[in-house]
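What follows is one structure encoded as structure tokens, with my remarks underneath.
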Amino acid sequence: VGAAYAFKRLKKEACVVCYFGEGAASEGDAHAALNFAATLDCPIVFI
């Protein structure tokens with residue numbers, strides 16, 4: 001999410017693709033990352 005936020009701040013026409021498994025999806029940090037990306041409208045795709 002940090003890289004996606006940097007792309008947005010630098011006005012780059014780029015998108016980050018983030019892959020994570022089911023173990024990571026059940027952790028609180030994953031939920032925080034999704035919320036952060038959505039709140040700041042970051043150019044990221046979560047798979």
Once amide hydrogens are built 1.01 Å from N within the peptide plane, the residues lying 5 or more places from Cys18 or on another chain with amide H under 5 Å from its amide H are Val45, Phe46, Ile47
Loop-resident sites, the chain, for GluC sites (Glu not before Pro), counting at most 10 other Cβ within 10 Å (DSSP): Glu13
Karplus (6.51, -1.76, 1.60) ³J(HN,Hα), θ = phi - 60°, over segment 35-42, in Hz, Gly and Pro reported as x: 5, 4, 5, 6, 4, 8, 6, 6
Histogram of C-alpha separations across the chain, 5 Å bin width, %: 5, 23, 32, 22, 12, 5, 1
Nitroxide proxy distance, nm - points 7 Å out along Cα→Cβ at Cys15 and His31: 2.7
Tell me, what HN-Hα J-couplings in whole Hz come from the Karplus equation 6.51 cos²θ - 1.76 cosθ + 1.60 at θ = phi - 60° for each residue of segment 13-20, using x for Gly and Pro? 8, 9, 9, 9, 10, 10, 10, 9
Low-density loop positions, trypsin sites (Lys or Arg not before Pro), segment 3-47 - DSSP coil, at most 13 other Cβ in 10 Å: Lys11, Lys12
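Each reported figure results from applying straightforward, stated rules to the coordinates on display, with no laboratory input. In this text the structure is predicted, and so the values were computed from the model without any measurement. Reconstructed Cβ throughout: ideal geometry from the backbone, glycine too, with neighbour counts over all protein chains shown.
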